[in-house]
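Can you read through this structure? Questions will come right after.
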Amino acid sequence: MTLTAYHIQHSRHRIIHLLILCFFALLLPQDMQAQRGKNAKKTEAKVYLDRSNELYYDEAKRPGVQIVKGNVAFRHLNNRLTCDSAYFNQETNSFEAFGHVHMTHDNVSLRCDYAYYDGYDQMVRARYHVVLTQQGRTLTCDSLNYDRKFNYGYFFEGGKLVDGKNSLVADWGEYNTQTHMADFYYNVVLKSPKYRIETDTLHYNSHTGMAHVVGKSVINNEGNIIHTSDGYYDSKGDRTKLVGRSTVVTKDKNRTIVGDQLDYNSKTGISEGHGNVVYTDTKNKNGLIADYCYYDDKKGYALVHDRAVAMEFSKVDTLYMHSDTIRMYTYHINTDSMYRKVYCYNKVRAYRKDVQAVCDSLVFNSLDSCMTMYKDPIVWSENRQLLGDSIKAFLNDSTIRYAQIIGQALSVEQLADKEHFNQVSSQNMNAYFIDRNVRKSEAISNVQTIYFVEDDKNKELTELNYLEGDTMRMYFSAERKLQKIWMSKPNGTVYPLTQIPPDKYKLQNFAWFDYVRPLNKDDIFEWRPKKAGTELKSQNRRAVSLPKLANYSPQNVLKE
């Protein structure tokens, strides 16, 4: 059989080995080669004809060959072979077998229609309807060369290996009956109850059930499509390990996972990703990037760290958020009341062109679609800055609809000249959004405001308004322009721009943290804390003074 150029390319290591052997054989003197052949024949065991119904010679056509027919049986070492008829050459220690050929040794059985056996090389060349079986494993093909010395067989005109519920087909392959290793090449397809693997190179151990694909490969896992150039599949443990930058596309084609190494155990439902893992959900418009990801499908638990970035791209621009660690917990999984909580900590930084944010930690609860930012949270939008003890944002399909700033709330707007700031300070603030724009805001308790008035004609600042009150409401247009302000029982002062006292330009708790603000999507990895002394301080509630009751006792109360 002549190998094609395609075969030779993928088997060049074997061809080179054979060429080296032939080269050294040519260097030997002819008498040395002949002597080596004689010595080999002396040391090798003879092939014996145990029985046959007929035996005769045809010296004219086949000199020195015994022609045997009917119930033929041969024996060589621990090999046994039976057939319908054969040509047996004792001089060459070989024979050709025809019809119902069956060879057995140890736990291996080989059946075919024709076979040539060389007793010196212990090589069987089996042809036509070849079936090799061993301990429940079956290899079928039309052409098989089986080396008894090294327990190695290879086929080169297509073959199929069936191992329990797994089946493999290929154009060319090798199988070792001692190590149970199968090496299949060209148009290889492995089928199992949950997987279908298509590749050009596959190494399979029928004893352990471990398959290793090399080169461009496609794996179908119950509708999930995997593309890899280097991957392992444990058919007994039902585990998959993909290396060499692999891609997984889910059955619904909405989610994609790419990583340097991806591991999945379908029995436990646990998957892991290592090295620049990228997760994309085109349906829900979100994604995730990290160097390590862990997910328990049965519990709905996820852990992500090492340069973790969560992405949300439902709008024109993508929101990027980074933290040291991201955890997700699922409650009442696989029920109608299922919900999730996502925890991001520490050093949270987020960037989108129209909004940026930082905080120490963040929690999102899908039950009420509420995202809460803790410990020195700050949010920027264009020239506006919001901060407080904590900030809550209530979302609707990833779009903010309502926000709360709880404790030490401060809103700052930088004016066009970059030197003056409109400011609102209160205990709490509420903001109501329509189409991502603030249409109404509320400042509640201990309200203080500084607002600079601008001349409509010249667009120049003319005066400063300072107000104090208990509650203030502001209403904005769709273009984010202030329409009106309502304030209960305000106290205020108006200062012409040229007569503003130096200490009235800014509120006592004024702060502008432009040096903390993320500048772009790559800047979210650069943590820049507030300068020492500018962090928000905890404010304790004042204790209510209670009246002291003289001679208080339950008995005295009852008497009254």
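Report, in cubic angstrom per residue, the convex hull volume of the C-alpha atoms of the range 289-330.
Given the Cα convex hull of the range 289-330, per-residue volume reads 71 Å³.
If you average 1/r across every pair of different Cα atoms in the range 95-144 and take the reciprocal, what Kirkwood value do you get, in Å?
Hydrodynamic radius (Kirkwood, Cα pairs) of the range 95-144 is 10.9 Å.
Using only Cα atoms, tell me the angle between helix 30-43 and the longest principal axis of the chain; keep it within 0 to 90° and round to the nearest 10.
90
Just want the answer: with Cβ charges of +1 for Lys and Arg and -1 for Asp and Glu, which residue in 133, 120, 150 is farthest toward the dipole's positive end in the range 92-188?
Working it through, the farthest residue towards the positive pole turns out to be 133.
How large is log10 of I(q)/I(0) for the range 351-457 at q = 0.18, 0.20 Å⁻¹ when the intensity is taken from the Debye formula with one equal scatterer per alpha-carbon?
Values returned for q = 0.18, 0.20 Å⁻¹ are -0.93, -1.13.
Considering every pair of different Cα atoms, what Kirkwood radius, in Å, is found for the range 66-188?
Across the range 66-188, the inverse of the average 1/r is 14.5 Å.
Ok, one more. Hey, got the Cα dimensions of the range 225-376 along the principal axes, in Å, largest first?
Sorted from largest, the Cα extents of the range 225-376 read 51, 33, 27 Å.
Right, something else. Which value, in nm² and rounded to one decimal, describes the direction-averaged projected area of the C-alpha convex hull of the range 214-300?
Projected over every direction and averaged, the Cα hull of the range 214-300 covers 5.4 nm².
While we're looking at this one, here's another question. Based only on Cα atoms, what Rg/Rh ratio does the chain have, Rh being taken as Kirkwood's radius?
1.31
Here's another thing I want to ask about it. Give me the accessible area per residue for the chain, probe 1.4 Å, as a whole number in Å².
Result: 57 Å² of accessible area for each residue.
Still on this structure, I have one more. Straight-line reach from residue 506: which lysines have a Cα under 16 Å away, not including same-chain ones fewer than 8 places off?
418
Could you tell me what percent of the accessible area of the chain is made up of carbon and sulfur, with a 1.4 Å probe and every protein chain present?
52
Let me ask you something else. Along the charge dipole of the range 444-520, Cβ charges K/R +1 and D/E -1, which of 515, 447, 475 sits furthest on the positive end?
Highest projection toward the positive end goes to 475.
May I ask for the angle, rounded to the nearest 10°, between helix 12-27 and the longest principal axis of the chain, with both axes built from Cα atoms and the value confined to 0 to 90°?
40
A further question on this structure: If packing is taken as the average count of other Cβ atoms within 10 Å, what order do 363-371, 159-167 fall into, highest mean first?
159-167, 363-371
Right, next: Which of the lysines could a cross-linker span from residue 299 if the Cα-Cα distance has to be under 26 Å and same-chain partners fewer than 8 positions apart are dropped?
In chain and number order, the partners are 194, 236, 241, 251, 253, 267, 283, 285, 341.
For the range 439-543, what is the Kirkwood hydrodynamic radius in Å, using each pair of distinct C-alpha atoms?
17.1
The values are calculated or read from the model by the stated rules, or taken from the named source; none is laboratory data. As the structure is a computational prediction, the values presented were derived from the model and not from experiment. Here Cβ is always computed from backbone atoms with ideal geometry, including for glycine, and neighbour counts include all displayed protein chains. Only protein heavy atoms, including side chains, enter the accessible area calculation; ligands, DNA and RNA are left aside. Shrake-Rupley method; radii C 1.70, N 1.55, O 1.52, S 1.80 Å.
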